[in-house]
Structures are given as C-alpha cells and as structure tokens.
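Structure first, then comments.
The values are calculated or read from the model by the stated rules, or taken from the named source; none is laboratory data. Here the structure is a predicted model, which means the values were calculated and not measured. Because the Cβ atoms are built from the backbone with ideal geometry, glycine has one as well, and the counts that use them run over all protein chains shown.
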Amino acid sequence: MPELPEVEFTARQLRALVLDATIRDVQIFWERTIGTPDAPTFRALIAGQRILQVRRRGKYLLFDLGRADTPELVMTLHRRMTGNLYLLPPGWEIDAQARTANPAAWSTRGPDFRYSAPDSGQDAPVLVREEEASYYDPAELSHCRVCFDLLDGRRLLFNDPRKFGRIELWPADREDEALAGLGPEPLSTDFTVDVLSSRLAGRKGPIKTVLLAQETVAGLGNIYADEALFLARIHPLRPANSLSAEELSRLHAAIVSVLGMAIEYGGTTFSGYRGLQGELGENYDHLKAYYKAGDVKHCFRCGSPIASQVIAQRTAHFCPQCQTL
DNA sequence: ATTTAGACCTGTCAGC
DNA sequence: TGCTGACAGGTCTAAA
C-alpha cells in the first residue's frame, strides 16, 4: 500500500514519538510476518533493545536498535500492500479474542483482536491528544500481526490485513545485505538526471514497468510512477531507453516534485493507509492522474478524461492526449 | 535475458 | 440478502 511518501511520513512521526523508547517485549501473532530470524529468536533478540534512530530507505522503515548507545541491530519493516503502524497510548489492552469460536481456524486466519481503551466501554473514535484530534478506530486494528510492547506502556502495532508485510532483524553491520538491490534514493542530492539516465540505459521495457522496479529508483510504486509520468508527459509504454534528454530531465523533476508534495500532504489515502495515530493522508485530492475505481479524473492540461490500461499486471493511469507514444 | 503468470492474503465493491 | 468475480498502495519465484 504505502510508497515512499507514506513510509517517509511514518518515519518522521516515529522519530518524534518513539526515539529512545525501549522495547520490553514483542508479541507475534502471525509468524510469517517475521522474515528473519525465526520468531523465537526474533523475540529473544529484541527484548530490551532501545530505539536509537528511525530511518527510511525506499519503502523500508529502518529501526536502529541497541542496548546502549551503539547500534547493534537494524530492524527492517516493509508494509507491502496493507501494512500500517499504530502507536497505542499506555493503558490500551489487547484482548486476543478470536472472532471465530473455532480455535482450529486460528492456524490459517490468525486470531482476530479486540482493543479496549483505558476507560472501559469507550468506543472509537477515542481522542488521544485533544489538540490533534487523533483517534484509533478499533475496527481498523483488527488485523494485528505483531505488537511491540514498550517499557513505558505504549504499544506499537503492526496491523496488516493481507499479511504481505515483512519485519526482519539484522546485525547492524549487515544492513547492506538486508537492503540489497535497492536503487538510488530519489530525494537525496545524489539523485541527478544523469543518475536516472544511467539507470534507464539499456532497459527496453515500458518506462512504467521499469520505474516500478526498485533497483531503478527506490520507493516509487503504482501511484507515484503514474503521477511522475503524467507530469512529465511521457506515455507509460514508452521504452525506458528511448527518452530524449529533455524527457529525462522532465521525468527527473517530476519524480522529485511528486514525492515531495505527497510527503507534505501526509501521503495518499484512498482506503487503508493511515498515519501512526490513525490520521488519513490528504494527498489523494492532489493527485493528477491516479484515481480509484469509479472516480475518473480529467487532465488539468487538456481536459481529457484520464485513461487506464493494464501494463505488466498493474493498472496505469495517463492522459491519452498529453502522453502519446 | 526478459516477460509473464502465479503465489502470497483479505477485504470491499459492483453487478446479478 | 446473498453469491461471484474483479480488483487493491507490493514483491518474489518459477515457467515460458
């Protein structure tokens, strides 16, 4: 679900809220969410670790962990399609009560959860901080796969209905191995037109498909690849190695601006994406090309309805007038 | 060497 | 109201 802007927004929230917190223990409700090491080892390693820093690389969230001031471990978290992190204030209880009365169903579905606020009987929305009107809707938290219990009583939940998300723990000095294959960071100053150009050289597949590959540029997904191509007026089916110097320059600028704007608006929510405290991203209304089903947009340049077409199993959105082959 | 279909998963929504 | 099928922000693997 989340692409670079949504992950970056969450990383910034985490830096403001959980830096220096200590992880007391972890509850793992869906073992496959833990990629490596195996769940018991993961649990043993992480107990007592302090969160020294939170970073982002591509669509990965990185937690630097250590018992003292030196990072020992790096925890990588990838949300894939539906993963969200929620920070619960102290006092919230996890009532691991199966929705189904049949315990045998747990092995395939995993248990479903009910959350109760500190003041019992209170239903969502629950006001957490009055000035921000943030809230948690317990209905949104019913797919908890992993729960980090912090020493101060707060809980960091990884909620992930489709179970595609992955959390891994690596020795700090093997971070490169954990993130192998990721291309350049599009918001770093190292990401120049020349870098983009060299990444596309020799790739004759459709530019849309090449942009989605994380080794080309890290962090672009279906929404922002479409947005960038729309702004740059490049048809998604253009062979990646066929772009002119001017088109490369436009695409580079479009990638940077599209991602930057989305971060400003807290990411794009069209259904499931939420911030750490349940906030909705406000970028959907600022998208120019991407739309959810039944909600067609029109090109702001020429007024044509935005077209959609499946390219390499993903739906691409573009203006058929402004983005020609 | 690429491209593509299938897996992994559950929820939601449109249409009948 | 209920069923069926299509579709969803991602990525890996095996087969063509």
Checking A:Ala180, A:Ala218 in turn, the sole residue that is more than 30 Å from A:Gly278 (Cα to Cα) and under 19 Å from the mean Cα position of the chain (by Cα) turns out to be A:Ala180
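Quick one: how many residues across region A:1-47 are among the basic types (Lys, Arg) and within 16 Å of DNA strand C (Cβ to nearest atom)? I'd like the intermediate steps shown before the answer.
Step one: list which residues in region A:1-47 are among the basic types (Lys, Arg), which gives A:12, A:15, A:24, A:32, A:43.
Cutting the leftovers down to within 16 Å of DNA strand C (Cβ to nearest atom) gives us A:32.
Counting residues in region A:1-47 that are among the basic types (Lys, Arg) and within 16 Å of DNA strand C (Cβ to nearest atom) gives 1.
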Of the conditions (1) exposed (fewer than 15 other Cβ atoms within 10 Å of the Cβ); (2) closer than 21 Å to A:Glu3 by Cβ; (3) of a type in the set (S, T, N, Q); (4) away from DNA strand C (no atom under 14 Å from the Cβ), the single one that A:Gln313 does not satisfy is (4)
Taking region A:278-297 and keeping only residues that are more than 18 Å from A:Glu3 (Cβ to Cβ) and either modelled with pLDDT of 95 or more or of a type in the set (Lys, Arg) (or both), one is left with A:Lys297
Of the conditions (1) surrounded by fewer than 17 Cβ atoms within 10 Å (Cβ to Cβ); (2) of a type outside the set (A, V, I, L, M, F, W, C); (3) outside any helix (DSSP H, G or I); (4) within 13 Å of DNA strand C (Cβ to nearest atom), the single one that A:Gly303 does not satisfy is (4)
Every listed condition ((1) surrounded by 22 or more Cβ atoms within 10 Å (Cβ to Cβ); (2) in contact (Cβ under 8 Å) with a residue 60 or more places away in the chain; (3) not in a helix (DSSP H, G or I)) holds for A:Leu187 save (1)
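Is it the case that region A:291-305 has a residue that's away from DNA strand B (no atom under 16 Å from the Cβ), over 25 Å from A:Ala11 (Cα atoms), more than 24 Å from the chain's Cα centre (by Cα) and β-branched (Val, Ile, Thr)? Break it down into steps so the answer makes sense when it comes.
Kept after step one, since they are away from DNA strand B (no atom under 16 Å from the Cβ), are these residues of region A:291-305: A:297-305.
With over 25 Å from A:Ala11 (Cα atoms) added as a condition, the list becomes A:297-305.
With the extra rule that they be more than 24 Å from the chain's Cα centre (by Cα), the set shrinks to A:297-305.
Narrowing further to those that are β-branched (Val, Ile, Thr): none.
Checked region A:291-305: no residue is away from DNA strand B (no atom under 16 Å from the Cβ), over 25 Å from A:Ala11 (Cα atoms), more than 24 Å from the chain's Cα centre (by Cα) and β-branched (Val, Ile, Thr).
A:Glu175 - would you say it is of a type outside the set (S, T, N, Q) and not in a loop (DSSP other than H, G, I, E, B)? Show your work before the answer.
Details: of a type outside the set (S, T, N, Q): yes; not in a loop (DSSP other than H, G, I, E, B): yes.
It is true that A:Glu175 is of a type outside the set (S, T, N, Q) and not in a loop (DSSP other than H, G, I, E, B).
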